[in-house]
Amino acid sequence: MPGQHSYNHPTGGPHRRERNQATARRTALTVHTIADIAAGFLGLWILLYLLEANSANVFVEFVHGTADLLAWWSQDIFTMDTEGLRVLLNYGLPAVLYLLVGHGIAARVSRA
C-alpha cells in the first residue's frame, strides 16, 4: 500500500539505526562508568594509605582488597624506598590506565 512503511527493509530502516545508536551509547556509558569506578577505588586506596587510615577498619580493608584486585598486575613495578611513593605509583599507574583505556573504548563505541 502506498504511504506505508515496509518492515522488511534490508537495512532495517531508521528505527534500527536509532536503536543501534542508543545501544552503543548505553554500552559506552557502561564502559566509561566501570573505568571510573575502578580508578576511583584505586585513588581512594592511595588517599587512605597516605592519610594513614586505620587498616583494621572494615571499609579500609574493603577498599584495599578491591584496589589489590584491580592492581594485581602492577604490584611492585616500582620499588621505591619511600613507601608512600611506592603505593602512589603502583596503584596510580593502573588508575590512569583504566581511565585512558576505558574512556578511549567508550569514545570508540559511542562513535560506532
Subject >> Difference of contour (0.36 nm per residue) and Cα-Cα distance, Ile34 to Glu18 >> reply: 3.3 nm
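Per residue, what accessible area does the chain have, given a 1.4 Å probe and all protein chains present, in Å²?
Here the per-residue accessible area is 73 Å².
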Original post:
In what sequence, largest accessible area first, do Leu47, Leu99 appear using a 1.4 Å probe?
Top reply: Leu47, Leu99
Subject >> Val60, Val109, reordered so the largest accessible area comes first (probe 1.4 Å) >> reply: Val109, Val60
Original post:
Got a number for carbon plus sulfur as a percent of the chain's accessible area, 1.4 Å probe?
Top reply: 63
Original post:
Can you give the relative contact order of the chain as a percent, counting alpha carbon pairs under 8 Å and 6+ residues apart?
Top reply: 41
Subject >> Which of Ser110, Ser74 is most accessible, then next, and so on - probe 1.4 Å >> reply: Ser110, Ser74
Original post:
For the range 38-59, list residues with backbone N below 16 Å from a point placed 7 Å from the Cα of Ile105 toward its Cβ?
Top reply: 38-40
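The values are calculated or read from the model by the stated rules, or taken from the named source; none is laboratory data. The structure displayed is predicted, hence computed values, not measured ones. No Cβ is skipped: glycine too gets one built from the backbone with ideal geometry, and neighbour counts run over all protein chains shown. The protein model used for the area step is the full one, side chains on, heavy atoms only, and it has no ligands, DNA or RNA in it. Shrake-Rupley method; radii C 1.70, N 1.55, O 1.52, S 1.80 Å.
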